[in-house]
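Below is one structure, written out as structure tokens; the observations come after it.
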Amino acid sequence: MKRFAELLLVIFSWLALLVFAASFLSIFVVLLLRVRGLDAVSLFFGDTPPVDALLHGLPVFDGIYPALLGTVSVVMVAVLCAVLPGIFTGIYLAEFAGPWAHRIVNLLVDVLAGLPSIVVGLAGFSFMVLLHNLFPGAPGPCMAWSALALGFLVLPYLVRTTETALQAIPAELRRTAPTLGATKVQNIFFVLLPFRAKDLLGGVILATGRAAEDTAVIMLTGVVASAPGMHSLFKQFEALPFYIYYMSSQYRDLAELQYGFGASVTLLLLCGLFFAAAFLLQSYVSFRFRGSSWLQK
Amino acid sequence: MTRLIRAAAMVTGICTIAVFFMMLILGWPLFSHGHLLALLVGGWNPGSGQFGILPMIAGSTAIAGGALLVGTPLSLGVAFVTAVFARGRIRRVLLSCVRLMSGVPTVVYGFVALIYLVPFIRSQFHSGSGFSILTSSLVLGLLISPTMIVLFVSALDGVDPRARRAAAALGATPAQRLLYLQLSEALPGLLSGVVMGLGRAMGDTFISLMLAGNSINMPGGVLESARTLTAHIALVMAVDFHSLEFQSIYLCGFVLYLFTFMLVLILRAVNHRFQRGRVQ
């Protein structure tokens, strides 16, 4: 009987792996089949000559170039906004917080990490409306708001990577600089953080990938289906995930549907690139860390 | 510099608290409009001033529960293979693949499922439109799997290697080791993986928005359409800002916030017990 249960467990596990792998493979195969034969230039630029769109900012109407540009720029601004608060909060948790402060901030970061992105988007939207009512000149839905809300959304990733990176530093290294007369802040910024720089970079890239795939936040704060011209911080913008969502319900013919698949593949590649880079950096760091264990002897 | 670091932590904390009060204050007209109980359990009938979000709570629960039913066994199986049955290179390749899968954007799942899975469900069951709890649970279960697998694997790997080696030295096969040692030892870690999966499933917007059909009624079966709290927020955003109907989205946000808070507390309780268990 027990033998049977063990056998069943093995069979079940491999079966689960098979189902899991088959599901993901079918997603990828479907995507590849549907974008086959799609002309990359017309996918990105529609009828506009690529050179004019790239160099002279000519508006693109039937391509995903504005959406790609919008996603890249909103994500870049978001991470730029979030990187300092995130890393500093991580430093605070790892090095400065007393037991009670640590407990409270830790709890709040956990809550923020678990908040549905639509709630963060709703909060961003409400804040925007509130500010607009107080100061009628304040900007309405635009890329700046989306970037701020997205930055807030990915803050926990930055906090956690910084915190764990700092905590994993061996005690010998941690004490070296203070022994030589460095202050606590000098120790953190000139010794500890540079030592785990690759980990921090991994966290930043992970946050970038997470921001790039999110749709709910930008949908409530400034994304639109069509913004063909140049992008500006204080204008509404296009973004890839929203383009895909829009196309899924609004496509009029098979060609537009294929554009949706093209945009999906583009977003998948973009996010895959960010995630792969983040994991490579982090596993490279842990590898190097193992390799340098002679340091501790 | 120290001051700047403290200020950053304070801003992070205050913003997170501010989100809570924003939901509470902006939803206030609705709270004071009717009884709280009626808002939570009353029906949804805007025409007669009823804004009960119970159908959305039920929709969220049904879809997230379905996603767990699909995702947990799947993730457990893959995690067993990755942590116990596979060795060396296969294990490493599997783990990196799973981590990469966790980066697949939500809308991509939604898009592919909308074109392929919805018509399939429609033709298989001959009832309904294919936009159903079943469809979104299946996709959502797949979506939360990579996250759960990574957590499960680290829970199984966290079991004391000395105990694992001792079991192997006594002649236990990998399956026996897993069944009689690692499963019980890693139970709290596995549990927190499931709770995290539940959190992701409840918080997801676009799978249910694209695949569940979004009709407001109490779900009566897996082939019926349902609306989740998150999808309700996304859909009502398009209506005008001052109606009571619009304010119901803050109630949804409020419920989602409380739910997240509760999950975080549960996770902490589980981890706390876990650590106390290790010490003994």
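What follows draws every value from the coordinates through simple rules; no lab data is involved. Keep in mind it's a predicted model, so treat the numbers as computed, not measured. Virtual Cβ from ideal backbone geometry, glycine too; neighbours counted across all protein chains shown.
A few comments on the model shown:
- GNM result for chain A, Cα springs below 10 Å: residue of A:Asp52, A:Asp214, A:Asp199 fluctuating most strongly: A:Asp52
- Protection proxy ranking for A:84-97, B:19-32, using the average of other Cβ atoms within 10 Å per residue and placing the highest first: A:84-97, B:19-32.
- Inter-chain Cβ neighbour count for B:256-267, averaged per residue, equals 4 (cutoff 10 Å, partner chain atoms only).
- Listed residues B:Thr205, B:Thr16, B:Thr260, most fluctuating in chain B (Gaussian network, C-alpha, under 10 Å): B:Thr16
- For chain B, the longest principal axis of the alpha carbon atoms and the long axis of helix B:2-26 meet at an angle near 50°.
- Selection among B:Cys97, B:Leu39, B:Cys15 by position relative to the dipole of chain B gives B:Cys97 as farthest towards the positive end (Cβ unit charges, Cα centre).
- Cleavage-rule hits (trypsin sites (Lys or Arg not before Pro)) in region B:133-179: DSSP loop, at most 14 neighbouring Cβ within 10 angstrom: none
- Average beta-carbon neighbours from other chains, 10 Å sphere, peptide A:86-92: 6
- DSSP H segments from chain A that extend 30 Å or more along their own axis, Cα-based, with Kyte-Doolittle mean of 0.0 or above: A:2-35, A:65-91, A:143-167, A:254-291
- Take each residue in B:20-27, count the other chain C-beta atoms within 10 Å of its C-beta, and the mean is 3.
- Ranked by how many other beta carbons lie within 10 Å on average, peptides B:126-132, A:170-176, A:72-78 from highest: A:72-78, B:126-132, A:170-176
- Region A:176-220 and region A:1-67: distance between their alpha carbon centers, rounded to Å: 31 Å
- Listed residues A:Val41, A:Val217, A:Val185, most fluctuating in chain A (Gaussian network, C-alpha, under 10 Å): A:Val185
- Scoring B:136-143, A:111-118 by mean Cβ neighbours within 10 Å over their residues and listing the highest first yields B:136-143, A:111-118.
- Compactness of the protein assembly as shown is given as radius of gyration and Dmax, 24.6, 77 Å, from Cα positions.
- In chain B, the longest principal axis of the Cα atoms and the axis of helix B:133-157 are about 40 degrees apart.
- Label-point separation in nm, B:Met1 to A:Leu58, each point 7 Å along Cα→Cβ: 5.2 nm
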